[in-house]
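For reference, the structure is listed below as structure tokens.
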Amino acid sequence: MGKLDGKVALITGGGGGIGSATARLMAEAGARIVVSGVPGDQVAATAAGLVADGHEAIATVTDVSKADQVEAAVAAAVSEFGSLDILVPNAGIQMHDRDIGLHDLPEEVWDATMNVNLRGIYLACRFGLKQMLKQGTGGAIVIVSSITAISGPSENFAYLTSKGALLAMSRNIALTYAKDGIRCNAVCPGALERTPNHDAHLRPEARAAMIKETVPLGRAGTPEDIAPMITFLASEDASYATAGTFVVDGGRTQI
Ligand SMILES: NC(=O)c1ccc[n+]([C@@H]2O[C@H](COP(=O)([O-])OP(=O)(O)OC[C@H]3O[C@@H](n4cnc5c(N)ncnc54)[C@H](O)[C@@H]3O)[C@@H](O)[C@H]2O)c1
């Protein structure tokens, strides 16, 4: 018996990094998975890998900033697997090279970041909640924020602001929909390696050195370090956990 047997999970930004690691772990726990996101070839590859290993999964090409595409992804979960029980709004962008210094921050960088990191998560939650309420059987939402929401320093102002707002959103989804049996929690990952985000960093060597120095556990995290927390929070093992913020950062925010 898997801990997520019978559950249907939709994960945005499922084409790589935390999203695809979570898709795999949830599939191994018995969930049927909708891998949503862009680019299409990456979400298709994540889903195909799961199917090749005997799991049930589909991919949807979904730009989370587009309402019709997010609505269609939720509809695909229902038409393919019959319900939506778990939602992981995970897709996010960090424009390392342009999101620098608030006094000079270009509006298009701010808008692009908010479009994916805030609007995208609002849309996923809006359509996901609507479906969960329609089903009337509760549900679990795990929003992927970041430690930049709760501690500094970070030079990426648009990014950290969007991630901070997600904590308020997550807490209030939890409080508003608790009566409907829907739990909502936020996960704050620390600095990771082996993610597309990390590969795009401007100064990867400096980042690696900074991580070694400032993370008490002495290493960067990986997507596989974060996926278990997300999967736990989505499962019945976490049935008393809601409105929480769960930090997985090797101890970094406590120094
Ligand atoms: N990597 C890190 O160090 C780190 C640390 C803390 C938080 N996070 C957060 O974790 C989440 C996952 O990040 P990651 O590092 O695993 O990979 P990532 O940052 O590359 O992004 C995750 C996925 O989202 C997809 N995506 C981008 N724009 C999208 C859009 N408009 N619609 C749909 N999908 C889109 C990407 O293609 C990618 O597959 C993000 O929200 C990120 O901010 C990452």
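The table for this structure:
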{"item": "Test result for A124, buried (at least 24 other Cβ atoms within 10 Å of the Cβ) and at pLDDT 95 or above", "result": "yes"}
{"item": "Filter result for the condition that a residue is small (G, A, S) and either more than 9 Å from the ligand (Cβ to nearest atom) or at pLDDT below 95 (or both), over A45, A21", "result": "A45"}
{"item": "Leading residue by the ranking (surrounded by the most Cβ atoms within 10 Å (Cβ to Cβ)) among those in the stretch 168-219 that are charged (D, E, K, R) and within 21 Å of the chain's Cα centre (by Cα)", "result": "R183"}
{"item": "Helices (runs of 4 or more DSSP H) wholly inside the stretch 118-227 that include at least 1 residues being of a type in the set (A, V, I, L, M, F, W, C) and within 11 Å of the ligand (Cβ to nearest atom)", "result": "120-135, 157-177, 204-214"}
{"item": "From V35, V8, residue being under 18 Å from T137 (Cβ atoms), in contact with a Ser or Thr (Cβ under 6 Å, 6 or more places away or on another chain) and at pLDDT 95 or above", "result": "V8"}
{"item": "Candidates S65, S79, filtered to the one that is more than 16 Å from the chain's Cα centre (by Cα) and among the small types (G, A, S)", "result": "S79"}
{"item": "Evaluation of K134 against (1) within 21 Å of S36 (Cβ to Cβ); (2) in contact (Cβ under 8 Å) with a residue 24 or more places away in the chain (one fails), failing number", "result": "(2)"}
{"item": "Looking only at the stretch 228-255, and only at residues there that are outside any helix (DSSP H, G or I) and in contact with a Leu (Cβ under 7 Å, 6 or more places away or on another chain), the one that is nearest to A191 (Cα to Cα)", "result": "G250"}
{"item": "Subset of the stretch 142-155 (residues that are out of contact with any Lys or Arg (no Cβ under 7 Å at 6 or more places or on another chain) and buried (at least 24 other Cβ atoms within 10 Å of the Cβ))", "result": "V142, I143, V144"}
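The values are calculated or read from the model by the stated rules, or taken from the named source; none is laboratory data. It should be emphasised that the depicted structure is a prediction, and the values quoted were computed from it without experimental measurement. Glycine gets a Cβ as well: all are built from the backbone with ideal geometry, and neighbour counts include every protein chain shown.
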